[in-house]
Amino acid sequence: MPGRTLPTFTPAEVESHNSAKSCYVTLGSKVYDITSFVEDHPGGGDLVLEYAGKDVTEILRDTVSHEHSESAYEILEDNLVGFIDEASQPVYASTGLSTEEDLSKETDYTQDYQKHKFLDLNKPLLMQLWKSGFSKEFYLDQIHRPRHYKGGESAPLFGNFLEPLSKTAWYVVPIVWVPPVIYGTCLGVSGLGNASAASAYWIFGFFLWSLIEYLMHRFLFHIDKFLPDNRVGITLHFLLHGIHHYLPMDKYRLVMPPSLFIILAIPFWKLAHTVFYYNWYAAVLAYSGGVFGYICYDLTHYFLHHRNLPSYYKQLKRYHLQHHFADFDNGFGVTSRFWDWVFGTEIELPPPKVLKTQ
């Protein structure tokens, strides 16, 4: 109703409405009373009651069970009764967020800049950072407090003709790198002349990538403790990985631009030929398997942020997004949690801390 002020609810209050007599659900920060809809649900009231008092964002988008139509969202909006009281929500002090849904809440650029005095999202980011004089401590604190740019667009980085070069659509990765992988694999198989041995070298390279992925994410992308406290180090860090933690849902800065991958891939080409010095074709096969592992990594990373996924990948998605909204010092595996388990960096979320608002 026009002019009507809707109340706010604490999460505990919403959770208490979990029966057919009073059924509330949330979608992000909005609270809906769908009691009257329980018995009218096409799939039966029991399905609705499974989510009574809970957030329904994920199940509404779940393509495996049933992706809901626009009419479902319209029904919810007709039954809007209030909002989650943000002041009462427990949040993680390191990021200022409490759930993965917070990663997609649009940032008020002006308010954010006035509050934090970091980067103004209304303006190109790179030169602001270069001229800022930020200390390393302040910079690292701010990039780990995620923001979200309006409408799913990309924040301006250069603000000039270089802007398109900073963006990469996910499909560019397989288009650019699958043909070289196929060529390298065929070349290695024909040169080695032994299909079983060729498969072993290729699989070794593919498996090795998962370790490289972990090590790069942990010791290169998150070089936070050893980052030089100057604008050169800070700016390079921002371009390499900092911008991803600052704007984690930017779909055009989620995969690695081909030019950057070439730079990072050259040392691994030399490594493969050093390890397999005795057979050039074995080195090519291992390298081809590794590059295919990279392709899987980059696509997985994109889909974890922007797609509904089957059961296993839903767990992986939840785990990776926890790395963004709760614990960026752990959870470095993207395609697998295996190396986090091996090296003791699995995410074990502590209870969120309630931040008092002024």
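Values computed for the structure shown
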| quantity | calculated |
| --- | --- |
| Flag if N160 is of a type in the set (S, T, N, Q), open to solvent by 50 Å² or more (accessible area, probe 1.4 Å) and in contact with a Phe, Trp or Tyr (Cβ under 7 Å, 6 or more places away or on another chain) | no |
| Answer residue from segment 292-350, given it is acidic (D, E) and in contact with an Asp or Glu (Cβ under 6 Å, 6 or more places away or on another chain) and is farthest from E101 (Cα to Cα) among those | D340 |
| Which numbered condition Y201 misses (of (1) within 19 Å of the chain's Cα centre (by Cα); (2) of a type in the set (F, W, Y); (3) surrounded by 15 or more Cβ atoms within 10 Å (Cβ to Cβ)) | (1) |
| Contacts under 6 angstrom Cβ, first residue in segment 186-198 being within 14 Å of Y287 (Cα to Cα) and open to solvent by 70 Å² or more (accessible area, probe 1.4 Å), partner charged (D, E, K, R) and outside any helix (DSSP H, G or I), 6 or more apart | none |
| So S154, is it hydroxyl-bearing (S, T, Y), modelled with pLDDT of 90 or more and either exposed (fewer than 13 other Cβ atoms within 10 Å of the Cβ) or at positive phi (or both) | no |
| One residue from S69, S104 being within 30 Å of F303 (Cβ to Cβ), of a type outside the set (K, R) and at pLDDT below 85 | S69 |
| Answer residue from segment 270-295, given it is part of a helix (DSSP H, G or I) and at pLDDT below 95 and is surrounded by the fewest Cβ atoms within 10 Å (Cβ to Cβ) among those | T274 |
| All positions within segment 1-52 that are within 14 Å of D85 (Cβ to Cβ) and free of Cβ contacts under 8 Å to residues at least 12 places away in the same chain | T5, A12, E13 |
| Among residues of segment 141-176, those that are part of a loop (DSSP other than H, G, I, E, B) and among the β-branched types (V, I, T), counted | 1 |
| Residues within segment 213-238 that are surrounded by fewer than 17 Cβ atoms within 10 Å (Cβ to Cβ), out of contact with any Leu (no Cβ under 8 Å at 6 or more places or on another chain) and not in a loop (DSSP other than H, G, I, E, B), tallied | 6 |
| Single condition R318 does not satisfy, out of (1) in a helix (DSSP H, G or I); (2) open to solvent by less than 40 Å² (accessible area, probe 1.4 Å); (3) more than 17 Å from F206 (Cβ to Cβ); (4) touching a residue at least 60 places away in the same chain (Cβ under 8 Å) | (2) |
| Some residue of segment 251-262 being outside any helix (DSSP H, G or I), among the aromatic types (F, W, Y) and open to solvent by 10 Å² or more (accessible area, probe 1.4 Å) | yes |
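The values are calculated or read from the model by the stated rules, or taken from the named source; none is laboratory data. Keep in mind that this is a model prediction, so the values were computed, not measured. We place every Cβ from the backbone using ideal geometry, glycine too, and count neighbours over all the protein chains shown. Please note that ligands, DNA and RNA were not included when accessible areas were found on the heavy atoms of the full protein model with its side chains. Shrake-Rupley method; radii C 1.70, N 1.55, O 1.52, S 1.80 Å.
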